[in-house]
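Colleague: Can you read through this structure? Questions will come right after.
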Amino acid sequence: MARIKKINHVAIAVTDIEQALVFWRDALGLDLHHVEDVPSQKSMVAFMPVGESEVELVKPTAEDTGVAKFIAERGGGIHHLCFEVDNIEEMITALKAKGIRLINEYPLELPGRKMAFIHPKSTGGVLVELYEVIA
Ligand code: CO
């Protein structure tokens, strides 16, 4: 049975990373580890470690992304919650067996990680990401 290890990150949709840092870094005091262009997600992401987890500020770089649509509809805010799991394929299989709807029926493979999203229709409105670190 797959196991959830921790909250890997909470992703916050923003229209302007520098502007968002005025609160998250300058006022609240979180460290900014780095800002990275993530072309596969069509976004710029600011990584802010908090203990064993991270806050990620996500700014879309194209209009046709889920995050861009989320900002257009809701003006930004918490976009998704990401759980790190020890075996993402097992977790997906177990969720499907329980009738949970997934956005990604198979994990997406990116350098160093696999990921899949659970559909908010099955979670009470929360977009949930599953994430597995791979070697
Ligand atoms: Co994420």
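Colleague: Filtering region 1-15 down to residues that are open to solvent by less than 70 Å² (accessible area, probe 1.4 Å) and part of a loop (DSSP other than H, G, I, E, B), which residue is farthest from K114 (Cα to Cα)?
Modeller: V14
Colleague: Then there's this: Hey, does region 22-34 have a residue that's within 15 Å of the ligand (Cβ to nearest atom) and either part of a helix (DSSP H, G or I) or touching a residue at least 24 places away in the same chain (Cβ under 8 Å) (or both)?
Modeller: No, the conditions are met nowhere in region 22-34.
Colleague: Which of the following residues is away from the ligand (no atom under 16 Å from the Cβ) and not aliphatic (A, V, I, L, M): G66, G112, G75? Please lay out each step first, then the result.
Modeller: On the way: G66 fails: away from the ligand (no atom under 16 Å from the Cβ); G112 fails: away from the ligand (no atom under 16 Å from the Cβ).
Checking each option against the conditions leaves just G75.
Colleague: If you don't mind, another one. Among the listed residues E90, E36, which satisfies the condition of being under 19 Å from K5 (Cα atoms) and not aromatic (F, W, Y)? It would help to see each step written out before you state the result.
Modeller: Numbers: E36 fails: under 19 Å from K5 (Cα atoms).
That would be E90, the only listed residue that is under 19 Å from K5 (Cα atoms) and not aromatic (F, W, Y).
Colleague: If you go through region 111-135 one residue at a time, how many are among the hydroxyl-bearing types (S, T, Y) and under 11 Å from M91 (Cβ atoms)?
Modeller: Step one: of region 111-135, the residues among the hydroxyl-bearing types (S, T, Y) are 122-123, 131.
Among the residues that remain, those that are also under 11 Å from M91 (Cβ atoms) are: 131.
Residues meeting the conditions: 1.
The values are calculated or read from the model by the stated rules, or taken from the named source; none is laboratory data. Small disclaimer: the values here were computed from a predicted structure and weren't measured. Virtual Cβ from ideal backbone geometry, glycine too; neighbours counted across all protein chains shown. The protein model used for the area step is the full one, side chains on, heavy atoms only, and it has no ligands, DNA or RNA in it. Shrake-Rupley method; radii C 1.70, N 1.55, O 1.52, S 1.80 Å.
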